Structure formats: C-alpha cells, structure tokens
Ligand code: ADP
C-alpha cells in the first residue's frame, strides 16, 4: 500500500504544534503494517538546511508564480520525504505561517495551494516509478488536495488515488478571498455550497471536507463534538452530512522521543519502577526556574500555546489560592501577549513559587513534563492534545478539561476508578475558573494521599499511549478505501 501524506509541518524538521508530532510519528508506525507512507512537505529553509542530500526527482513548472521541483530525501527517524522546493513560496525567514513580525504571509493562499497542487500531480503520476494509492491531507494547508484530485478525475483525468482529509484543529480553516478562484485554478462552478465556497469566501478546509473520500479527526469525542453547531465552528452542517465518512482516531506519542527512561533532555532517567530519577528531575526543574528546591511542594507544570483555546486565562485568578496552598508553578508557553505579560508579572510577584519561560523550548518542555508532579490542560476544546499523553508517560498526573481528546485519553480519578486502580489523571468540567479550582482541590487532596497518588501515577506511566494502536486504525481505514475502490 502506497500513501502520500501532505502537511505544512513535520517533527523534527519544522514544528509549531501537535500536527508536526503526528506527521513525524505516524509513518514509522505504519511501516511494519506494510504501508509505505511518503510525506510531502514544503522545502522551508530550515528543512533544506537539515537535509543537504535532498535530490530532485521531478519538475513542476509554473507552480503559482514560479518554477518548482520535487526533491527526495530520507529524513531523520526513517521518514521518507518529498520536499516541494518552490523558492518563490517558501524561501523566506519566519515560521511556516507568519513573517518575522508574526503577521500571516499575505500569499499563504498560494503557498499552500502550491503544496496541494504538487500532491495532485504526484497523485496523478508525476514521479517516475511511484504513484500513491491514497493521498492523505492534513489540516487546511493541505485541504485543496482532495478537491484538485476529485476535479481532475471529473475532467476525464483518469483514475485518481483515494483521498483522506484529517482535521487536527477545526479552528484553523484557511478561508480566502472569493476573487482568487481562477488564481487557485478552481473551476468557477465549484464556488458553491456543494464545492469550495465557505461563508462567501473560498474555504481550504471546507474544500477538503467536501471532496475527500473519507474524513478523520484526532479523537472519537472530537469527532462527535465537531458534528454539533456548538463545536462545528461553522462546519457542523457539512460534518453532519458527511457523518458516515467521519471517524475519530486518537493520536499517540512518539515513544522514541517521549520516554523518561532514555530522554537526552533529562538530567536523570527514570521509569515506573524507579522513580528516584523523577525526584532529581523535579529538583533540576526547580533550580532551572528558580523555584524553592522543595520536594514536598506540589509542582504544577504547563507547556502550551497561550491561546484562548488552551484556557490558560482561567489560571491567573486562581494563583493566590494556589500560593496559599503551597503549590509551585512551572510555565512554558508563547502566544497572546496579554497572557504572556500576566504570567511574567505573576513570576515576579511570587519569586521561588512561580517560574515562567516565554517562548518555544523543546528541551525545557521535556524537563517540565518530567519534573512536575501534575500538568494542567484546561483547554476549552481540544481535538486530541499531546501534552496530557506525554504527562502520563512521565508520571505527571494530567488535570484536564473534560473535552475532546482530553476526555478520551485521561481516566478520571473518581472513587470507582481509584478503587479499580485504572485512574490516570483528573477531569474537570465545565471549562470555568470555578470548575478548575474544584479540579485543583481534588488534585491537592490526592497529593495528600501518597499511596493513592502513586497508584494513579504507576497506571498512567504504563498505559499504551503509543502509535501502534492508532496506526492499525489508520491502516484499516486505508485498506477499507482500497477495497471499496477495487
Ligand atoms: P497544539 O497542537 O494545539 O498546540 P498539542 O497538545 O496537540 O497542542 O501539541 C502541542 C505540542 O507542542 C506538544 O508536543 C507540546 O509539548 C509542544 N509545545 C507546545 N508549546 C510548547 C512550547 N512553548 N515549547 C515547547 N514545546 C511546546
């Protein structure tokens, strides 16, 4: 089985969030099942720098304003990469989506239409000697690929690969000006509700969700939530219509990257049977963030984008309460400037008790996961979430909002789950400051019962949270698509 997967980021080459983690970890998990998955990625400068051996295999003349090439490269960790080398689209500083000042690139529409068009051409046989059976598009940046393929086949272009569209976050939809239809190489008649039109504009994600053969998202609960008007963010109607083709497959963690027994970012290794190393990591984290080196203080960690979605604006009002109870806080994140300023001020106001690092820091993210006693994830919505998965593997109990993938991947320490020794963290609901305070109160009560705490911790650390199960699920989905086509 041959699959072409496309996305705008892929760990460890380029990452702004969980999408990259999935792109980096799923292909090697599918390989043992007999599925060759090649990943098509924009050749950003950082990607080219990391892969100096990348070799051209095909030309794409006149790709939305300039000539482009497909390069082939073997990436780290066995990734089989196809890089879209299009200097007019990608040879720039900044992040995949923003210029160095943080504004969206004004031509993101053609930067990602180019990616989708390249996938279309590869799907229709551009590469000598390799043609995918399935094209798997991830998030809005890849959303036009299923549309381009469906429209090419409809125009007598011959057989096309089957297509899958995966939503990693419905909040990012890629809506562009309706005047760009021709520039996007979309036939005018597709500017319709049964097409690419979306609330008066052109919707990249809408196009993918309309044209792809099958749809997935990254947890079963989120698959249910996005079918509702409340959780559907404007797509609820379409997703209800396509409900029979939509399923939720939870993400896993890359166990080669997230394993406290062999994590190069930690000062000391540990595992479920040897927790002394975790105590040393806690001390190292306290020193790193200038917190009092107190093993008994409940150390709460946060590793997150600081956006409305993540619900961290609920935390500042609870800080006095947490300080009274002797807790410490280790925060790492970047995003909304107001929230960054609030956490920076809180760290100044509570020296030795609150540490805040503004920015994106992969090694520190690992140290916070290892050195904290608990990790807070108060998201208003969460397609899957990875931090709570890592937290469990690292023996830091996740306190999560009971939404989306957080509800699916953390087993709440209620009395029944504690009695049956299956709990792995705590839920709170609804997503309000009051409910978060109640959740924190339950967490503190569990902390005061070391034996119960250790039981939950041991269960969390030994759960199967890796990629083998979700990879089997994706493989079944692919097989079903191919059976259907034969
Ligand atoms: P999202 O993709 O919505 O940001 P996820 O929980 O799915 O949220 O994935 C977030 C990923 O990004 C995790 O691997 C997490 O460790 C990482 N991450 C988030 N913020 C930071 C940060 N400031 N520094 C380092 N890693 C971060």
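Worth pointing out:
- Residue, farthest from residue 278 (Cα to Cα), within segment 393-405, restricted to residues that are within 17 Å of the chain's Cα centre (by Cα) and assigned to a helix (DSSP H, G or I): 404
- Scanning segment 116-148 for residues being assigned to a helix (DSSP H, G or I) and in contact with a strand residue (DSSP E or B) (Cβ under 6 Å, 6 or more places away or on another chain) gives a total of 7.
- Any hit, segment 376-387, residues being in contact (Cβ under 8 Å) with a residue 40 or more places away in the chain, under 21 Å from the mean Cα position of the chain (by Cα) and farther than 30 Å from residue 229 by Cα: no
- Scope segment 333-353; condition without any contact (Cβ under 8 Å) to a residue 40 or more places away in the chain and part of a strand (DSSP E or B); matching residues: 333, 334, 335
- Condition met for residue 430 (more than 17 Å from the chain's Cα centre (by Cα), within 12 Å of the ligand (Cβ to nearest atom) and either part of a loop (DSSP other than H, G, I, E, B) or in contact (Cβ under 8 Å) with a residue 12 or more places away in the chain (or both)): no
- Condition check for residue 347: within 16 Å of the ligand (Cβ to nearest atom), under 21 Å from residue 385 (Cβ atoms) and either modelled with pLDDT of 95 or more or buried (at least 16 other Cβ atoms within 10 Å of the Cβ) (or both): no
- Residues within segment 367-392 that are in a helix (DSSP H, G or I), within 11 Å of the ligand (Cβ to nearest atom) and under 19 Å from residue 463 (Cα atoms), tallied: 6
- Taking (1) free of Cβ contacts under 8 Å to residues at least 24 places away in the same chain; (2) outside any loop (DSSP other than H, G, I, E, B) in turn, residue 101 satisfies each apart from (2).
- Considering 186, 215, 151, 170, the condition of being touching a residue at least 12 places away in the same chain (Cβ under 8 Å) and in a helix (DSSP H, G or I) is satisfied by 151 alone.
- Within segment 1-33, tally of residues that are more than 16 Å from the ligand (Cβ to nearest atom), surrounded by fewer than 20 Cβ atoms within 10 Å (Cβ to Cβ) and over 17 Å from residue 161 (Cβ atoms): 4
A quick yes/no check of all residues on (1) assigned to a helix (DSSP H, G or I); (2) crowded, with 22+ Cβ neighbours inside 10 Å; (3) at positive phi; (4) touching a helix residue (DSSP H, G or I) at 6+ places or on another chain (Cβ under 7 Å):
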site	(1), (2), (3), (4)
269	no, no, no, yes
278	yes, yes, no, yes
293	no, no, no, yes
320	yes, no, no, no
331	no, yes, no, yes
357	no, no, no, yes
363	yes, no, no, no
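- Residue in segment 180-198 that is in contact with a helix residue (DSSP H, G or I) (Cβ under 7 Å, 6 or more places away or on another chain) and under 30 Å from residue 389 (Cα atoms) present: no
The values are calculated or read from the model by the stated rules, or taken from the named source; none is laboratory data. Keep in mind the model is a prediction, meaning the values are calculated, not measured. Glycine gets a Cβ as well: all are built from the backbone with ideal geometry, and neighbour counts include every protein chain shown.
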